[in-house]
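Participant: Below you'll find the structure I mean.
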Amino acid sequence: MQETIAQLTYLVASVLFILGLRSLTKPDEARRGMQLAALGMLLAIIGTMLHQEILTYTWIVTGLIVGTLIGYPLGKFVPMTAMPQRIAFSHMFGALAATLVGIGEFYHMYQGDHPTNPSAAESRFKMAAIGFEVLFGALTVSGSFMAFGKLQEFITGRPVTFKGQNLLNGLLFLSAVGCLGWLIYEPSNVIAFYSMVAIAFAIGFMLVIPIGGADMPVVVSLLNSYAGLAASATGFAIGNNVLIIAGALDGASGFILSIIMSKAMNRSFGNVLFGAFGSGGGVSSKKTAEGLTAKSISAEDAAVLLGYASKVIVVPGYGMAVAQAQHQVRELAELIEKKGGEVKYAIHPVAGRMPGHMNVLLAEANVPYDRMYDMEEINDQFAECDVAIVIGANDVVNPAAKTDPGSPIYGMPILRVSDAKSVIVLKRSMNTGFAGIENELFFDEKTSMLFGDAKASLSKLVSEVKQL
């Protein structure tokens, strides 16, 4: 009876996970989706605690207390601007849990004081699951740590590459797969098991070090997929149905999102997995800023343009996140709307450092969901826009993606800001973006540059618009 209740609880939890994931596809239902998923996780924990195999609840209760003490501050007090690195950090611990479970299962089967030594057929199937779990879990741990370090900037955010890097990565991957095959053939081989764990950790480091900080949306999504695959394999290893379902959902959704992110950056998925992307590969563009002049504008003049505009499109970028200027953006938009203007927000899929980074920041500042538009929805509206205001975005608005075949971003889908009647760019300086190339938009005759910290510039704009 107890086991039946546990399985029914798992079934309800799985349904809640699916409904929660579906709700996340719509911004106005995202909060409800998270609540459904959280309820599902609570039921999954309750179902697990009903298992008869549990001899003592001491360590389980200890884990719940410690996890709550760590998780609550992370969720409550970490600022939205630091959310990308917090997510990478969470992936690391989730993958570490899966890896430790796999190592524990292997030890219990073959190395403990009373090893179970299952039959050959059972042993091979279980070792395939454990090996897959540990392989993806370990590389996700080290990969997530590297992603966290790059986002937190205690590790350089620039790509780290060297000659023969892809060859080395390929050899490491083949070695790990070879160890897995060896384990399936000879499940009790301790050397093969721990060698695979060590190689997997190395793969995680090697996969992320050639990736630049600006390409983190793909990395975070891909690591999420790996963590899900590891969790699903854990479910097969320990016979837990809800882990199999939840892990498969996580792995599949992360993989699909990674492909979407890759397309948004004009990269093949193979390049994401094995290429040193973020290093600005491809044919080098010969275009420079020599002989070109960028036109600056004062906050007073920019305020006049914005205050009397009928249609304004805001393009947020990583610079807005760094300056934590999302609240000033909302305040400025509200002032424009009070004066009769219409304000919309154009979101590029890879703006920021994680999928949906700009959406999260704007939502945190209480920007209405229905004002945020994806690139495909809003690109045709730039031509009718009186003023487009770009806040800390660079490569995602660079016309070179369409006009310069020699550019490393050529072919990348961009927001067509250059179609607007007038453009105001908020930027600290004329430094190039992550791709390391000049932005043609900044030298367009329709573009005016408002230099300075985005938060300070927006505060000045708010003050000036109020006086109109």
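The values are calculated or read from the model by the stated rules, or taken from the named source; none is laboratory data. Small disclaimer: the values here were computed from a predicted structure and weren't measured. Cβ atoms come from the backbone with ideal geometry, glycine included; neighbour counts cover every protein chain shown.
Participant: Select from the range 79-89 the residues that are surrounded by 14 or more Cβ atoms within 10 Å (Cβ to Cβ) and of a type outside the set (S, T, N, Q) and list them in ascending order.
Facilitator: Met80, Ala82, Met83, Pro84, Arg86, Ile87, Ala88, Phe89
Table: residues versus (1) within 20 Å of the chain's Cα centre (by Cα); (2) at pLDDT 85 or above; (3) assigned by TED's automatic domain parsing to the domain that holds Tyr369.
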residue: Pro27; (1), (2), (3): yes, no, no
residue: Ala30; (1), (2), (3): yes, no, no
residue: Ile45; (1), (2), (3): no, yes, no
residue: Met49; (1), (2), (3): no, no, no
residue: Gln52; (1), (2), (3): no, no, no
residue: Thr58; (1), (2), (3): no, yes, no
residue: Thr62; (1), (2), (3): no, yes, no
residue: Ile87; (1), (2), (3): yes, no, no
residue: Ile103; (1), (2), (3): no, yes, no
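Participant: Residues in the range 345-359: is at least one at pLDDT 90 or above, surrounded by fewer than 20 Cβ atoms within 10 Å (Cβ to Cβ) and not charged (D, E, K, R)?
Facilitator: Taking every residue of the range 345-359 in turn, none turns out to be at pLDDT 90 or above, surrounded by fewer than 20 Cβ atoms within 10 Å (Cβ to Cβ) and not charged (D, E, K, R).
Participant: One residue is enough: does the range 232-242 have a residue meeting the conditions closer than 21 Å to Phe148 by Cβ and either part of a helix (DSSP H, G or I) or in contact with a strand residue (DSSP E or B) (Cβ under 7 Å, 6 or more places away or on another chain) (or both)?
Facilitator: Checked the range 232-242: no residue is closer than 21 Å to Phe148 by Cβ and either part of a helix (DSSP H, G or I) or in contact with a strand residue (DSSP E or B) (Cβ under 7 Å, 6 or more places away or on another chain) (or both).
Participant: Okay, next question. Within the range 323-343, identify whether any single residue is in contact with a His (Cβ under 7 Å, 6 or more places away or on another chain) and either modelled with pLDDT under 90 or closer than 27 Å to Leu24 by Cα (or both), and answer yes or no.
Facilitator: No, every residue in the range 323-343 fails to be in contact with a His (Cβ under 7 Å, 6 or more places away or on another chain) and either modelled with pLDDT under 90 or closer than 27 Å to Leu24 by Cα (or both).
Participant: Just one of the numbered conditions (1) out of contact with any helix residue (DSSP H, G or I) (no Cβ under 9 Å at 6 or more places or on another chain); (2) of a type outside the set (Ser, Thr, Tyr); (3) in a helix (DSSP H, G or I) is not true of Phe201; which one?
Facilitator: (1)
Participant: Does Leu171 satisfy being out of contact with any Ser or Thr (no Cβ under 7 Å at 6 or more places or on another chain), free of Cβ contacts under 8 Å to residues at least 24 places away in the same chain and part of a helix (DSSP H, G or I)?
Facilitator: It is true that Leu171 is out of contact with any Ser or Thr (no Cβ under 7 Å at 6 or more places or on another chain), free of Cβ contacts under 8 Å to residues at least 24 places away in the same chain and part of a helix (DSSP H, G or I).
Participant: Looking at the structure I just gave you, is Phe125 assigned to a helix (DSSP H, G or I) and either on the phi > 0 side of the Ramachandran plot or modelled with pLDDT of 85 or more (or both)?
Facilitator: Working: assigned to a helix (DSSP H, G or I): yes; either on the phi > 0 side of the Ramachandran plot or modelled with pLDDT of 85 or more (or both): no.
Here the answer is no, as Phe125 does not meet what is asked.
Participant: Right, here's the next one. Whether any residue in the range 45-64 is surrounded by 15 or more Cβ atoms within 10 Å (Cβ to Cβ), in contact (Cβ under 8 Å) with a residue 40 or more places away in the chain and part of a helix (DSSP H, G or I) is what I want to check.
Facilitator: yes
Participant: Tell me, please, whether a residue that is part of a helix (DSSP H, G or I), more than 23 Å from the chain's Cα centre (by Cα), surrounded by 15 or more Cβ atoms within 10 Å (Cβ to Cβ) and β-branched (Val, Ile, Thr) can be found in the range 209-218.
Facilitator: Within the range 209-218, the first condition is being part of a helix (DSSP H, G or I), and the residues that meet it are 213-218.
From what is left, the residues that are more than 23 Å from the chain's Cα centre (by Cα) are none.
No: the range 209-218 contains no residue that is part of a helix (DSSP H, G or I), more than 23 Å from the chain's Cα centre (by Cα), surrounded by 15 or more Cβ atoms within 10 Å (Cβ to Cβ) and β-branched (Val, Ile, Thr).
Participant: Return the residues of the range 150-168 that are assigned to a helix (DSSP H, G or I) and surrounded by 19 or more Cβ atoms within 10 Å (Cβ to Cβ); say none if nothing qualifies.
Facilitator: Result: Lys150, Leu151.
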